[in-house]
Amino acid sequence: MKSYTGGESFRKRNYKPLIIGISVVLIGAIGLLSRLPGVEDFQAFDVTILPLLNAIFNSFTFLFLVAALVAIKKRNITVHQRFINAALVTTTLFLVTYVAFHYLSPSTPYGGEGVLAGIYYFVLITHIVLAAVIVPLVLTTVTRAWNREHDRHRKIARWTMPLWLYVSFTGVLVYILISPYY
């Protein structure tokens with residue numbers, strides 16, 4: 001289907017198979033890695049640097065999303081798009097370091113007790129569940145923008161933005177809470 005805006009032709013693309021494929025592979029790989037013991041005797045570098053990188057990338061994602069939100073509230077679409085693209089890059093870098101850490105290292109148990117443990121597990125569980133949900137949500141939201149489906153993009157972005165902000169922020173919080181136990 002073609003539509004014409006400003007004299008140039010545009011053809012919408014069907015991203016649904018790609019969104020489903022990426023979501024299934026990514027969530028499945030992360031689920032599988034969480035059950036594996038980690039590589040034995042890996043000594044090429046100290047893998048505990050990877051969770052710090054995860055937190056740094058999540059921090060940048062959060063900041064880029066806040067900036068994207070401010071830009072779109074000011075109706076500056078170009079700046080909004082650039083910050084969303086930056087958030088996609090830092091999220092991708094986070095995923096690379098996250099998968100590498102969980103491939104190379106066994107799971108780190110939380111050592112805290114009492115109220116702090118309750119807070120940690122609440123944050124961790126909501127973070128994990130929403131991180132799985134956010135993958136197809138972000139991909140759907142972005143591809144709707146690419147397809148110039150602005151009304152549909154806005155409708156889903158109202159859900160995607162706060163959830164993505166939550167996931168990136170709680171990713172940093174999880175790191176802060178568990179970092180003493182690496």
Loop-resident sites, the range 132-182, for trypsin sites (Lys or Arg not before Pro), counting at most 15 other Cβ within 10 Å (DSSP): Arg148
Residue-by-residue Karplus 3J(HN,Hα) for the range 42-55, coefficients 6.51, -1.76, 1.60, Hz, glycine and proline x: 6, 9, 5, 7, 6, 5, 5, 6, 5, x, 5, 4, 4, 5
Hz values of 3J(HN,Hα) by residue in the range 103-117 - Karplus curve (6.51, -1.76, 1.60), Gly and Pro given as x: 7, 8, 10, x, 4, 9, x, 7, x, x, 9, x, 4, 4, 5
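How much of the accessible area of the range 1-152, probe 1.4 Å, is carbon plus sulfur, in whole percent?
Looking at the range 1-152 in its full context, I get 67 percent from C and S.
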The range 56-182 - percent relative contact order, Cα under 8 Å, separation 6 or more: 33
Check: the range 1-128 dipole with +1 on Lys, Arg Cβ and -1 on Asp, Glu Cβ, in debye: 1160
Residue of Thr97, Thr140, Thr48 that the Gaussian network model of the chain assigns the largest fluctuation, springs spanning Cα pairs under 10 Å: Thr48
Solvent-accessible area per residue for the range 11-119 (1.4 angstrom probe, square angstrom): 66
Long-range HN-HN contacts of Val39 with modeled amide H, under 5 Å: Leu104, Ser105
Efficiency of FRET from Cβ geometry, Leu52 and Ile22, R₀ 25 Å, rounded to 0.05: 0.45
Directionally averaged shadow of the range 27-99, computed from the convex hull of its alpha-carbon atoms, nm²: 5.8
Rg to Rh, two decimals, where the range 41-182 supplies the alpha carbon set and Rh follows Kirkwood: 1.03
Under 27 Å between alpha carbons - lysine pairs in the chain that sit 8 or more apart or on different chains: 8
For the range 85-96, Karplus couplings with θ = phi - 60° (6.51, -1.76, 1.60), whole Hz, Gly/Pro x: 4, 5, 5, 5, 5, 5, 5, 5, 4, 4, 4, 4
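The values are calculated or read from the model by the stated rules, or taken from the named source; none is laboratory data. None of the values given here were measured: they were computed from a predicted structure. Cβ sites come from the backbone with ideal geometry, for glycine too, and all protein chains shown count toward neighbours. Areas reflect the complete protein model, heavy atoms only, side chains present, ligands, DNA and RNA absent. Shrake-Rupley method; radii C 1.70, N 1.55, O 1.52, S 1.80 Å.
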